[in-house]
């Protein structure tokens, strides 16, 4: 039983007696296959993957959770995470937020993250 090569070019390389010519032919085949791979294509593929990831996360986040209310973000970077730390009585801050938002609410923290208070 004879195994068949997966492409005609591999058969040509296998039938070539000169090792130097076989390596040159194999190198040319690799260049021909990978010539479409440019830096621009790599960037486009990465951008597409990141865009799809963001879209999927946005859709799944809205489908899986109830949109809770909470205190407004005080700073762009730290959200509301510094407010209780800078207060003399952090418990009163959380109680005030609970009165305004209900018994379950979200507190914006560092970046775009949110903590949930029960």
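Data overview
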item: Single residue of 53, 57, 25 found to be in contact with a helix residue (DSSP H, G or I) (Cβ under 7 Å, 6 or more places away or on another chain), in a helix (DSSP H, G or I), modelled with pLDDT of 80 or more and at negative phi; result: 25
item: Tally, over segment 71-110, of residues that are in a helix (DSSP H, G or I) and buried (at least 16 other Cβ atoms within 10 Å of the Cβ); result: 5
item: Search result, residues across segment 4-22 that are modelled with pLDDT of 70 or more and outside any helix (DSSP H, G or I); result: 18
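The values are calculated or read from the model by the stated rules, or taken from the named source; none is laboratory data. Small disclaimer: the values here were computed from a predicted structure and weren't measured. Cβ coordinates were reconstructed from backbone atoms using ideal geometry, including for glycine residues, and neighbour counts include every protein chain displayed.
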